[in-house]
C-alpha cells in the first residue's frame, strides 16, 4: 500500500459557521460562510485553522491535542455532536455546518466552557477516591484483579468532551441533571473497591430525577460518544446499584463478582 | 489592568507536573492558584499513552529490578548528559509516586498470574507470571531499559493519571483559573513575585502576586510547527517567561527528542508501546532494518538511536514515497486484532480516525517527529530556577535535568509526578520562610509593560508580514535545519533565517486588532518567545561540536566528553539583540561515562579525572547562577551502587 490521498482532491467545501461573541451582544448570532478547497486527510482541525489564518482571524474555536484524546474540540457537526479534530472532511458532504455544543456556556463562536461544567460535575459527584486509609509510602500497592482494573479503566476513558451532554435531551432542559458523563463518572467510582463510599452514599447522589432516574433512555449519548464508552451498561449498573441489587458490574467481568461485597 | 490578587503559590500550567506540585502545596495548607491555558484535564499530559517508569519489579521480565538499575538506564539513555544526582532522586522516588497514584485511583494494569502471551522482539512468547505478584502493578517493555519497567493503564496512561491527579486537585479545592495565560513574571532584584496574566476569554489583564511561582507549562515542540507530536498549546510559554527576565537561563535547548513513530502526515504520536509489544519497523522493501543495525535492542533501542537509523534509511532511498514526503512503516499486523483492540486500542482508533486504516490489516506510515524538549528552564535539584529566588520549574518546562541529551520513554510521565512531589516540598519550605514583600507598584509596572506590548501589536499599521507565515517559516527551518541530523552549515543557515524572521516579526501586523479574546494576538505574543527559543536551540546546536544523545552532528559524529560533558546555558539580557551563552558542569558523576550498549558511537574521553570533575561541580553550579539547595550537592547520591548491577562496566583507572 502507499499513503495515497484517501479521497478525491479539489472538492470545494462550504463551511457555515455559527458566530456570536458574548462580549459584543449588539452583534446578533448568525452564520458566516467560508469556502475551502479540500485537501487529502483534511480534518476539521486543519480546515478551521485555515479559515482562521486565511479568512477570519477572529474566529474562536478550541483545540489542544488534535488527536482525539484531550476533549477540547467537541462541536455540532452538521447537527451531530462530535470531535472536530478527528472528523475527516472526506466523510462529510460539500456543505459543513458547525455550531457550538448546546448545554454549555458559550465562550464565543464554536468555543464553549466545558471546563467549568466538568469541574462543577467533579465537585458534585466528588470525583476522587474516598480513601479507606491514608497513603502509606512504605507499603507496596494494594492488589487488584486485572479484570477489575480493566473494567474501571473502561469508565475512566471518558475525555470530558461534552458530546454526550450536548446530545442529551434531559441535560439540555434540566441543568441540574448530572448528565451522561456524570453518571459514567459515578459508575467508575462506584465500581472501584478503593473508594469507601457505600451504596447508601451513592443512593443520595443517584436516586432522583437529577440522577440516574432522570435519564429518559433516549441514548443519544451512547450514539455520539467519540470514545464508544459503554454508557448503556453503566446506567444499568447504576440503577441496579441504587436498588442495592448490583452484586457485580454489568460489564460482565469474571472474577470481580464479589469485589463489591 | 484589573486589580492584583495575592496567593502563596502560583502554579502556571495545569498538566501533571503543575498539578502534582499544587497538591503538595495545598496539602501543606498553602493557598494555591493554578493557572492553565486549557481546563487542566485537557493538558498535554493526557496524551501520554504508553507508561510511567518505576522500578517495582513485579512481573517476570521485571524481577530483580531496582531504582539503581533505573538510575543506570536513565543516565546511559541521557548519553551522560543528565545530572546524575537528579536521576538518582528520580529513580528512588518513582516507585512511591506510582503507588501513590494507585491510591488515588489510577486503574493500573495488573499482573495476571500464570502463563501469559507477549511479543518480545517480534516473537510471540509465553511467560509464566508469578502467583505471589498477582494483582500488583504490571510492567511493559519500553526502549532503552534493562527490565520491563513501564507501569501503564491500558492504552491511556497519561489520561488516567491526569484524571486521578486532577481529582485530588478538585478534592483539595485548589482554585483553577483556566483559559488564562501568564505574559510576564513580576520580579525585582532576583526575586520573583508572581505574574501578569491575561484572560483568554475576555483579553482582560490582571496580576497574581505570589510568594512562590512554579512554571509547569510543558515543552515547546510547537517551535517545530506541525512537525511535532506536541499539542497546539506546547509553545514554550514558561521558558519564554523565564527567558524574558533576562536573568534566568535555559539549559540545553539543543537537546531535542524526535520520536521514531509520528504519524504521517498529521504528526500524531503512535506510542512506543507498539514497539514494546513487538511492533516492527519496515522500510520500503519490507525489511526489518533495525534487526541488523541494533541486534541487541532492535526496535527498542533508545529513541534517538531509532530515529537516526530511520532517517538514514530515508536518506538511503529506502523510505516509502508519498505526497507528504518519505516515510517508513510501523507494522503491527502480526500482533493480532484482539491485542490491538485492547492493549493498543488508542493506536487503532488514531489509525481509523486520521488515516482511515486498520493496523490489524495495514502497516502504519510513520517517521521521526519532534516529540520532547529535554532542555528548559534551568533549575537546581530543588526545582529552584537559577538566579531567581521564588521561581521554580517542573516537568518538561524545566531542565532539572534527569534526561540529559535523550529521554527514555516513560521517564517523562514519571518525572512529572516525581518532580511535582520533590519540588512541591521545596516550594512549601520556601513559602513558609517568606512573607509577601512586594509593592503593588511593581506589579503595575510589569502590567503596564504588557499593555504596551499588546498596544504595539494592535496599533501597528496593516500590511506587514503575516504572523502565520512567520510561524510556518520558523517551523520549516527548525525541521529542515535543526532536526534529527545536524551540520554546522545548515545550523548557520538556520540562525540566519531565524534572525530574519525576528526582524519580520518586529514589523508584522495583525489582521484582527480587536480587544477581547483575540486568537491572532495570542499567537503573536507567543511567537516572540518561540522565535527566541528557536534561535537558542539552533545556536546551541551550532556551538556543540559533538554528537550526544539526540544531538547528532554529521560533521562531529563523536561524543566529546573532554570538551562537552557540560550543559549549555542561555540567557537573553534585557534589551539585547542576541542571547549570551555559558556552560556549567553536567553534574556529579557516579556512573562513569562509557558506551550506552546501543547506537555504537565513538567517544573522546575526559582528560580530567572524575574526582577532579566532581570536586569542581558545586562551584561550577554556583558560578552558573544556581541558588543554594536545601541539602548539599551530592547528598542524595548512592555512590557506586551501580557496581552491583553493572559489574562488568569498565572503570577508568584514574577514578581510584
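The values are calculated or read from the model by the stated rules, or taken from the named source; none is laboratory data. This is a predicted model, so every value here is computed, not measured. Because the Cβ atoms are built from the backbone with ideal geometry, glycine has one as well, and the counts that use them run over all protein chains shown.
Key figures
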item	result
Among (1) at pLDDT below 95; (2) facing chain A (nearest Cβ under 9 Å); (3) within 19 Å of the chain's Cα centre (by Cα), the one test that residue B:201 misses	(3)
Evaluation of residue A:75 against (1) more than 9 Å from chain B (Cβ to nearest Cβ); (2) in a loop (DSSP other than H, G, I, E, B); (3) without any contact (Cβ under 8 Å) to a residue 40 or more places away in the chain (one fails), failing number	(2)
Residue within region B:225-232 that is in contact with a strand residue (DSSP E or B) (Cβ under 7 Å, 6 or more places away or on another chain) and surrounded by fewer than 24 Cβ atoms within 10 Å (Cβ to Cβ) present	yes
Candidate set from region A:88-119 (those that are at the interface with another protein chain (Cβ under 10 Å from one of its Cβ atoms) and assigned to a helix (DSSP H, G or I)); member that is nearest to residue A:30 (Cα to Cα)	A:114
Qualifying residue in region A:29-45 (condition: outside any loop (DSSP other than H, G, I, E, B), out of contact with any strand residue (DSSP E or B) (no Cβ under 8 Å at 6 or more places or on another chain) and touching a residue at least 24 places away in the same chain (Cβ under 8 Å))	yes
Residue B:409 being buried (at least 24 other Cβ atoms within 10 Å of the Cβ), modelled with pLDDT under 95 and within 25 Å of residue B:281 (Cα to Cα)	yes
Subset tally (residues that are more than 7 Å from every other protein chain (Cβ to nearest Cβ) and either over 10 Å from residue B:166 (Cβ atoms) or surrounded by fewer than 24 Cβ atoms within 10 Å (Cβ to Cβ) (or both)) for region B:39-60	13
Identity of the residue in region A:50-71, within 9 Å of chain B (Cβ to nearest Cβ) and not in a loop (DSSP other than H, G, I, E, B), that ends up farthest from residue B:233 (Cα to Cα)	A:54
Contacts under 7 angstrom Cβ, first residue in region B:595-608 being at positive phi and surrounded by 14 or more Cβ atoms within 10 Å (Cβ to Cβ), partner assigned to a loop (DSSP other than H, G, I, E, B) and modelled with pLDDT of 80 or more, 6 or more apart	B:597/B:296; B:599/B:301
Whichever residue in region B:344-383 is in a helix (DSSP H, G or I) and touching a helix residue (DSSP H, G or I) at 6+ places or on another chain (Cβ under 7 Å) and, among such residues, is nearest to residue B:570 (Cα to Cα)	B:347
Members of region A:21-49 found to be surrounded by fewer than 19 Cβ atoms within 10 Å (Cβ to Cβ), within 22 Å of residue A:105 (Cα to Cα) and more than 10 Å from every other protein chain (Cβ to nearest Cβ), listed by number	A:25, A:26, A:27, A:28, A:29, A:30, A:31, A:32
Among the candidates B:171, B:191, B:149, residue that is more than 24 Å from residue B:436 (Cα to Cα) and more than 10 Å from every other protein chain (Cβ to nearest Cβ)	B:149
Filter pass, residue B:612 being surrounded by fewer than 22 Cβ atoms within 10 Å (Cβ to Cβ) and assigned to a helix (DSSP H, G or I)	yes
Matching option when the condition is in the same structural domain as residue A:218 (by TED's automatic domain parsing), under 27 Å from residue B:346 (Cβ atoms) and touching a strand residue (DSSP E or B) at 6+ places or on another chain (Cβ under 9 Å), among A:122, A:149	A:149
Residue in region A:165-174 that is without any contact (Cβ under 8 Å) to a residue 12 or more places away in the chain and within 14 Å of another protein chain (Cβ to nearest Cβ) present	no
Flag if residue B:142 is in contact with a helix residue (DSSP H, G or I) (Cβ under 9 Å, 6 or more places away or on another chain), in a loop (DSSP other than H, G, I, E, B), crowded, with 24+ Cβ neighbours inside 10 Å and away from every other protein chain (no Cβ under 14 Å)	yes
Candidates B:94, B:82, B:87, filtered to the one that is away from chain A (no Cβ under 14 Å) and either assigned to a helix (DSSP H, G or I) or modelled with pLDDT under 95 (or both)	B:87
Selection count, region B:39-71, where residues are without any contact (Cβ under 8 Å) to a residue 60 or more places away in the chain and under 16 Å from residue B:415 (Cβ atoms)	1
Residues located in region B:61-79, provided they are away from chain A (no Cβ under 14 Å) and assigned to a loop (DSSP other than H, G, I, E, B)	B:63, B:64, B:66, B:78, B:79
Whichever residue in region B:305-323 is closer than 24 Å to residue B:373 by Cβ and out of contact with any helix residue (DSSP H, G or I) (no Cβ under 9 Å at 6 or more places or on another chain) and, among such residues, is surrounded by the most Cβ atoms within 10 Å (Cβ to Cβ)	B:307
Criterion violated by residue A:130 - all others in (1) surrounded by 19 or more Cβ atoms within 10 Å (Cβ to Cβ); (2) at the interface with another protein chain (Cβ under 10 Å from one of its Cβ atoms); (3) in contact (Cβ under 8 Å) with a residue 12 or more places away in the chain satisfied	(1)
Selection within region A:104-120 - in contact (Cβ under 8 Å) with a residue 60 or more places away in the chain and surrounded by fewer than 20 Cβ atoms within 10 Å (Cβ to Cβ)	A:106
Matching option when the condition is at pLDDT 95 or above and within 25 Å of the chain's Cα centre (by Cα), among B:497, B:477	B:477
Lone unmet requirement of (1) over 21 Å from residue B:43 (Cα atoms); (2) assigned to a strand (DSSP E or B) for residue B:182	(1)
Hits in region B:9-38 (condition: out of contact with any strand residue (DSSP E or B) (no Cβ under 6 Å at 6 or more places or on another chain) and surrounded by fewer than 24 Cβ atoms within 10 Å (Cβ to Cβ))	B:24, B:27, B:28, B:29
In region B:112-133, the residues that are at pLDDT 95 or above, more than 7 Å from chain A (Cβ to nearest Cβ) and part of a loop (DSSP other than H, G, I, E, B)	B:113, B:130
Complete set of residues in region B:99-110 that are within 7 Å of another protein chain (Cβ to nearest Cβ) and on the phi < 0 side of the Ramachandran plot	B:99, B:100, B:102, B:103, B:104, B:107, B:108, B:109, B:110
